[in-house]
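What follows is a set of notes on a single structure, which appears directly below.
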Amino acid sequence: MKVPQVYKEKPLFTGDKILFLDTGERIMLKKFKNNEYKKIVFATGARKTATARVRLKEWGNGKIYINGKRLNEYFKNEEYQKLILKPLEITNTIGLYDIVVKVEGGGISGQAGAVSHGIARALAALDPQTYRPILRKAGLLTRDPREKERMKYARSKRRRSWQYTKR
């Protein structure tokens, strides 16, 4: 199993640090008043044409905001809510982290898949030894490669041809 490595570290003037991982995620070490560092993980998820930018805070009480709205306000369908909470349920981390998501593109189904993928990647970057094998086994770290098929010329739909007339 390949564990993500830090390839660049950038200190900020506020005392915070940003760690860039080779898997594409970023981890911000936020400095608090008692000189304690806590992590904020930045990850991206994708599904169909939707992309989700996920910010997972190591502290908090389990609030999930998607485009400024709560989870049950943005995704009213329970199936999509379960899909989004699946990475948190598998790793037993519901209620531990605050999650803020910006999602754009695609439809509701693609956006729900993108958010789920982004949360799984953020959890894997937060604690690779613990969460990564669990999420990998569940298949949540793999991006779903299925896309809409392109439109072909001389066809009425993607594969549907014109009706043949003999006479």
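Here, each number is a calculation from the coordinates, and none is a lab measurement. On a predicted model such as this, the values are computed, not experimentally measured, just so you know. Glycine also receives a Cβ, built like all others from the backbone with ideal geometry; neighbour counts cover every protein chain displayed.
With respect to the numbered conditions (1) of a type in the set (D, E, K, R); (2) in a loop (DSSP other than H, G, I, E, B); (3) within 19 Å of residue 127 (Cα to Cα), which one is the sole condition not fulfilled by residue 76?
The number of the failed condition is (3).
Please work out which residue is surrounded by the fewest Cβ atoms within 10 Å (Cβ to Cβ), limiting yourself to the range 79-110 and to residues that are closer than 20 Å to residue 41 by Cβ, in contact (Cβ under 8 Å) with a residue 24 or more places away in the chain and among the polar types (S, T, N, Q).
Going through the qualifying residues, I end up with 93.
Of the numbered conditions (1) within 14 Å of the chain's Cα centre (by Cα); (2) part of a loop (DSSP other than H, G, I, E, B); (3) not charged (D, E, K, R), residue 84 satisfies every one except a single condition; which is it?
Among (1) within 14 Å of the chain's Cα centre (by Cα); (2) part of a loop (DSSP other than H, G, I, E, B); (3) not charged (D, E, K, R), the lone unmet condition for residue 84 is (2).
Assuming residue 56 fulfils every condition listed in (1) over 26 Å from residue 21 (Cβ atoms); (2) in contact (Cβ under 8 Å) with a residue 60 or more places away in the chain apart from one, which condition is it?
In the conditions (1) over 26 Å from residue 21 (Cβ atoms); (2) in contact (Cβ under 8 Å) with a residue 60 or more places away in the chain, residue 56 misses (1) alone.
Could you tell me how many of the residues in the range 113-167 are surrounded by 10 or more Cβ atoms within 10 Å (Cβ to Cβ) and assigned to a helix (DSSP H, G or I)?
Number of matching residues: 24.
Just give me the residues in the range 115-167 being closer than 17 Å to residue 99 by Cβ, more than 13 Å from the chain's Cα centre (by Cα) and of a type in the set (D, E, K, R), in sequence order.
Hit for the range 115-167 is 127, nothing else.
When both residues are 6+ apart or on different chains and their Cβ atoms are under 8 Å apart, which pairs have a first residue that lies in the range 21-38 and is closer than 13 Å to residue 5 by Cβ, and a second that is assigned to a loop (DSSP other than H, G, I, E, B)?
Short answer, once both residue conditions are applied: 21/4; 21/5; 22/4; 22/5; 23/4; 25/4.
If you take the residues in the range 21-78 that are under 19 Å from residue 9 (Cα atoms) and small (Gly, Ala, Ser), which one is surrounded by the fewest Cβ atoms within 10 Å (Cβ to Cβ)?
That would be 24.
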